[in-house]
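A.B. asks: Below are the structure tokens for one structure; questions will follow.
A short reminder: the numbers here are calculations on the coordinates, not readings from a lab. Bear in mind that the values here come from a model prediction, so they are computed numbers and not experimental data. Cβ coordinates were reconstructed from backbone atoms using ideal geometry, including for glycine residues, and neighbour counts include every protein chain displayed.
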């Protein structure tokens, strides 16, 4: 897939969010069976799966892991060459479209943890058909430390659940992300 012209002219945040989903460079599917294996880049599983994106031009910068489960996506994005921001985001068919980026309060619920209501960015990126909820992380390392191997994630806006997904093999994805962040991929 190639980047459209609307994606090419973008802010650093848009690039950090969109590039991993629109580029085949540096992407591998993580199946969890062997964390050190290099999966076939053409293999796309039929069920839920993790993908790792790394920018081969800037090792340890621009790493992300994304979990695809039907039309729902959960992603962790690490710092890039242009931004030190780390992000956790969700998108799916129930996430409302927002024509402009805006700050709102959202409640994040995960299995075994207390609900957290925080300020997030609600946005729709160029060429996306669903809204995106962007959680700014204090540190990608802290977020990865808290990541469970099996996890359920729910997000609510104004008391209404707008996102729900679950993953397995989270530790395999986390381990690949850590290797990427240290430039060892």
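A.B. asks: For region 96-126, which positions are closer than 16 Å to residue 153 by Cα and within 16 Å of the chain's Cα centre (by Cα)?
C.D. replies: The answer is 108, 110, 120.
A.B. asks: Could you grab me the full set of residues in region 65-95 that are more than 8 Å from the chain's Cα centre (by Cα), buried (at least 19 other Cβ atoms within 10 Å of the Cβ) and over 15 Å from residue 145 (Cα atoms)?
C.D. replies: Correct list: 68, 72, 80, 91, 92, 95.
A.B. asks: Among 154, 174, which is under 18 Å from residue 67 (Cα atoms), buried (at least 17 other Cβ atoms within 10 Å of the Cβ) and touching a helix residue (DSSP H, G or I) at 6+ places or on another chain (Cβ under 6 Å)?
C.D. replies: 174
A.B. asks: While we're on this one: Just need a number here: residues in region 106-158 that are in contact (Cβ under 8 Å) with a residue 40 or more places away in the chain and in a strand (DSSP E or B).
C.D. replies: 18
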